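A.B. asks: Would you mind keeping the following structure in view while I ask a few things?
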Amino acid sequence: MADFEETLYDAVAQKFRIDKLYFENKTDHQHLMIFHNAALGRVMTLDGIVQTTEADEFVYHEMMAHVPLVAHGAPQHVLIIGGGDGGMLREVAKHAVESITQVEIDAAVVEMAKTYLPNHSAGAYDDPRLQLVIDDGFAFVRDDTRHYDVIIVDSTDPIGPGEVLFSEDFYAHAKTRLAPGGVVVTQNGVPFFQPDEVTTTHRRLARHFADATFYCAPVPTYYGGFMTFGWATDATELRGLAPAIIRDRVERAELNTRYYNADMHGAAFALPQYVRAAMQGE
Amino acid sequence: MTQRHVTIGAPAETAAHYEDLVNRHGSPLLVYDPAVVRQRYAELQRALPGVSLYYAVKALPSAHVIRTIDALGGGFDIASGGETELLLREDVFGRRTIHTHPIKKDAEIRSALRYGATTFVVDNDYELTKFVPYRSRVGILLRVSFRASGAAVDLSRKFGCAFDELPGLLDRAAALGIHVKGLSFHVGSQCADAAKHVEAIEQCAALMQARAETDPTPMSVLDIGGGFPAAYHRTGLDLEAWCAPVRAALGRVPDDWQCIAEPGRVLVAPAVTCVTTVVGTSRRDGVRWYYLDDGVYGSFSGQLFDHAVYPLQVLREGPVEPSILAGPTCDSIDIVAEQIALPELEPGDLVIGHEMGAYTAATRTRFNLLPDAQFISLEPA
Ligand SMILES: Cc1ncc(COP(=O)(O)O)c(C=O)c1O
């Protein structure tokens, strides 16, 4: 069968063998594929870029969900923007929260993910705490009136349809949706190849939040080493919790994870020097 | 004005072929023969070994042609969002395309990137700055102006920086953190000979090599554009001979460079034949007028926009007299051919236009809301 070659960069590219094509859609000026690869399981790509694979999605979803939820300590209301594949919802649902609101722009993505990436949501779309809203994430945070303890922005890359989710206006609106002590986390790319994303996001977040930084995890198929997650909150103490507190919370939550644990939680906030330099726009 | 080649009469078999097509599909027609593209592609590849060919989609943005080039393993030169959409629909992988329009809207850059094109052409400072947000993703070619005086279509007045602007643009790109991976030029379309290509190759190669001595990221791509001619005079086209000086010049550039070309016209012009029908006739001031069902607002638009003079053929034979072939619109500029000597034609007779693949259907208009000539392929899709 054919290969999928990523088109993210001109000078380098990773290539995946397509062992079986499950789904392809080329409407709405975008190109979505879900296929099987022997090493990675099911792989979803959008516009030439890997979005998620069954083999390594756990790193991404666990780190993006558990780090803010555990750091918060007592989250009741969680907002997920994007995340149509259901992996984020699955991880958030492991916590004893009261409500989960997920805003996905395209109902078809959810249906497609349930059918072709069933292991991502693993039944979480049936969770009674979930309110699934089909809407533009930007419009939702602008118009909604409720408050959330944790907001998770699980977007596509900024050149794709998720562009507005990287805008300063979006971050400003998101801030108004946070309950006191709340935190926003965002998907922020691979800084080894895309340092500009760190520079830009940091500048925008820092204008609105007392603590604006990043934490890291290496997601193998997001080629290029660490990826960064934006971390934005006015509760400056959330970032530097004592290891014992984190350990205690993680144990009590019984999360059953493959990447995330109390040690990784603390360590993820240690930033390589090149990421720090990018934050300063150097 | 270039003399038009006119053929009077046709072998019975040829006439029957066109008449059969019109009986089956109606008139007017643009008849596409993929075998001709395959042959031209092979000839060009033989004449320019080691050069990667990127078909200039603008010449004939047809799904049929895309499929033919795709099957040959060719690349594609795209210049707009519409061309990008066409390639996406035809399942052409983005990495096999280069985006060559020097001036782009931000939305076009983004849609090309989403499609998977990462090579872009730039020819000025302002355009460079548009790529700052995408600098981690793209490889840029700087377009330089070299103008072939013998080209039928000038492409170096509107686009391309002056050669002596290159060092400044290269420094500027480096300061902006944008990777320039090579140079490109387009000396003009329908070039009489390759002299300008050779001059451009030599100057660009010398500059690329000189910069490689000092620049931390050497340039390695040399894009020689298009310009390869079509045989509008029907005297045959010796591509091998036409390309020989280009081949020799490219033979002197380093082996590890990637040389690419953007042929449009040469690949598709001979692959499409236009079939029109005489709809009415009259005699004005002693001259025969024939009114066809296709004209310069339609498939013959290249006579205005592309300065082409297509070879024509009538199937009937007989004593000739001065005649005018007019197109179907109500405008008087819509004249396909003046002062040509033709035998007396009758309504229903076919008039054939040859070498009509490049910049013909591509530039037709909607004037009078006349239907487009139907595009049919001689091979099943
Ligand atoms: C940038 C570019 N590349 C390639 C071509 C194709 O040229 P030709 O049809 O002469 O091969 C053109 C024609 O306009 C062009 O503008």
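A.B. asks: What are the trypsin sites (Lys or Arg not before Pro) within region A:139-177 that DSSP puts in a loop, where the Cβ has at most 16 other Cβ atoms within 10 Å?
C.D. replies: Here the sparse-neighbourhood loop sites are A:R146.
A.B. asks: Next up: Can you give me the long-range amide H partners of A:Q30? Hydrogens built in the peptide plane at 1.01 Å from N, cutoff under 5 Å, separation of 5 or more residues or another chain.
C.D. replies: Distant-sequence amide H within range of A:Q30: zero hits.
A.B. asks: Choose one answer from A:T221, A:T115, A:T52: the residue with the largest mean-square fluctuation in a GNM of chain A with alpha-carbon springs under 10 Å.
C.D. replies: So, out of A:T221, A:T115, A:T52, the one fluctuating most is A:T115.
A.B. asks: Sort A:209-216, B:135-142 by the packing proxy (mean of other Cβ within 10 Å over each peptide's residues), most packed first.
C.D. replies: The peptides rank, most packed first, as B:135-142, A:209-216.
A.B. asks: In addition: State the percentage of accessible surface on the protein assembly as shown attributable to carbon and sulfur atoms; use a 1.4 Å probe and exclude ligands, DNA and RNA.
C.D. replies: Carbon and sulfur atoms account for 52 percent of the accessible area of the protein assembly as shown.
A.B. asks: Could you compute the FRET efficiency for B:A241 and A:D234, with r as their C-beta to C-beta distance and R0 at 56 Å, rounded to 0.05?
C.D. replies: The computed FRET efficiency comes out at 0.15.
A.B. asks: If you place +1 on the Cβ of every Lys and Arg and -1 on the Cβ of every Asp and Glu, how big does the dipole about the Cα centre of region A:57-279 come out, in debye to the nearest 20?
C.D. replies: Here region A:57-279 has a charge dipole of around 580 debye.
A.B. asks: Can you give the average number of partner chain beta-carbon atoms within 10 Å of each beta-carbon in peptide A:45-55, as a whole number?
C.D. replies: 2
A.B. asks: Let's test the formula: R0 of 45 Å, r as the Cβ-Cβ distance of B:A16 and B:D193. What FRET efficiency results, to the nearest 0.05?
C.D. replies: Calculated value: 0.70.
A.B. asks: Let me ask something additional. Give the Cα extents of chain B along the principal axes, in whole Å, largest first.
C.D. replies: Cα extents, longest axis first: 71, 38, 38 Å.
A.B. asks: What's the total accessible area buried between chains B and A, using a 1.4 Å probe, rounded to the nearest 100 Å²?
C.D. replies: 1900 Å²
A.B. asks: Per the helix-only calculation at 222 nm, which mean residue ellipticity applies to chain A, given -39500 (n - 2.57) for every DSSP H run of n ≥ 4 and division by its residues, nearest 500 deg cm²/dmol?
C.D. replies: Computed ellipticity for chain A at 222 nm equals -8500 deg cm²/dmol.
A.B. asks: Determine the residues within region B:132-153 where the difference in accessible area between the chain on its own and the full set of protein chains amounts to at least 50 Å²; count protein heavy atoms only and use a 1.4 Å probe.
C.D. replies: B:S136, B:R137
A.B. asks: May I have the pair-distance distribution P(r) for region A:1-129, computed from all Cα-Cα distances with 10 Å bins from 0 and rounded to whole percent?
C.D. replies: Percent of Cα pairs in each bin: 12, 40, 31, 14, 2.
A.B. asks: Work from the charge dipole of chain A (Cβ charges, +1 for Lys and Arg, -1 for Asp and Glu, about the Cα centre) and give the residue of A:F4, A:Q273, A:Y125 farthest towards its positive end.
C.D. replies: So the residue furthest toward the plus end is A:Q273.
A.B. asks: Okay, next question. Please identify every one of the trypsin sites (Lys or Arg not before Pro) in region A:220-267 that sits in a loop by DSSP and has no more than 11 other beta carbons within 10 Å of its own beta carbon.
C.D. replies: Answer in residue order: A:R258.
A.B. asks: State, to one decimal in nm, how far the label point of B:L304 lies from the label point of A:K20, with both points 7 Å from Cα in the Cβ direction.
C.D. replies: 5.7 nm
A.B. asks: Something else now. Which positions within region B:103-122 get 50 Å² or more of their accessible surface covered by the other protein chains, compared to the chain by itself, with a 1.4 angstrom probe?
C.D. replies: Correct list: B:R110, B:R114.
A.B. asks: Now for a separate question. Any idea how far the Cα center of region B:48-76 sits from the one of region A:175-212, in Å?
C.D. replies: After rounding, the separation between the Cα centres reads 44 Å.
A.B. asks: Shifting gears a bit: With every protein chain left in place, what is the accessible area per residue of region A:1-148 in square angstrom, probe 1.4 Å?
C.D. replies: 38 Å²
A.B. asks: Please give the FRET efficiency for B:R135 paired with B:D285, using the beta carbon to beta carbon distance and R0 = 60 Å, rounded to the nearest 0.05.
C.D. replies: 0.40
A.B. asks: Using a Gaussian network model of chain B with C-alpha springs under 10 Å, which one of B:A107, B:A261, B:A200 is most mobile by mean-square fluctuation?
C.D. replies: Of the options given, B:A107 has the highest mean-square fluctuation.
A.B. asks: Eight or more residues apart or on different chains, and alpha-carbon atoms under 24 Å: count the Lys pairs in the protein assembly as shown matching that.
C.D. replies: 25
A.B. asks: Another question, if that's okay. Applying the Karplus parametrisation 6.51 cos²θ - 1.76 cosθ + 1.60 with θ = phi - 60° to the phi angles of region A:71-79, what ³J(HN,Hα) value in whole Hz is obtained for each residue in order, glycine and proline being reported as x?
C.D. replies: These are the phi-based 3J(HN,Hα) values: 4, 4, x, 9, x, 10, 10, 10, 10 Hz.
A.B. asks: Please state the shape class of region A:57-279: rounded when a/c is under 1.5, otherwise prolate if a/b exceeds b/c and oblate if not, all from the C-alpha gyration tensor.
C.D. replies: Because its axes are fairly even, with a/c under 1.5, region A:57-279 counts as rounded.
A.B. asks: Only bridges whose two residues both fall in region A:57-279 count here: according to DSSP, what percent of them are antiparallel, nearest 5?
C.D. replies: 40 percent
The values are calculated or read from the model by the stated rules, or taken from the named source; none is laboratory data. In this text, all values refer to a predicted model and were calculated from it rather than measured experimentally. Virtual Cβ from ideal backbone geometry, glycine too; neighbours counted across all protein chains shown. Note: areas computed on protein heavy atoms with side chains; ligands, DNA, RNA excluded. Shrake-Rupley method; radii C 1.70, N 1.55, O 1.52, S 1.80 Å.
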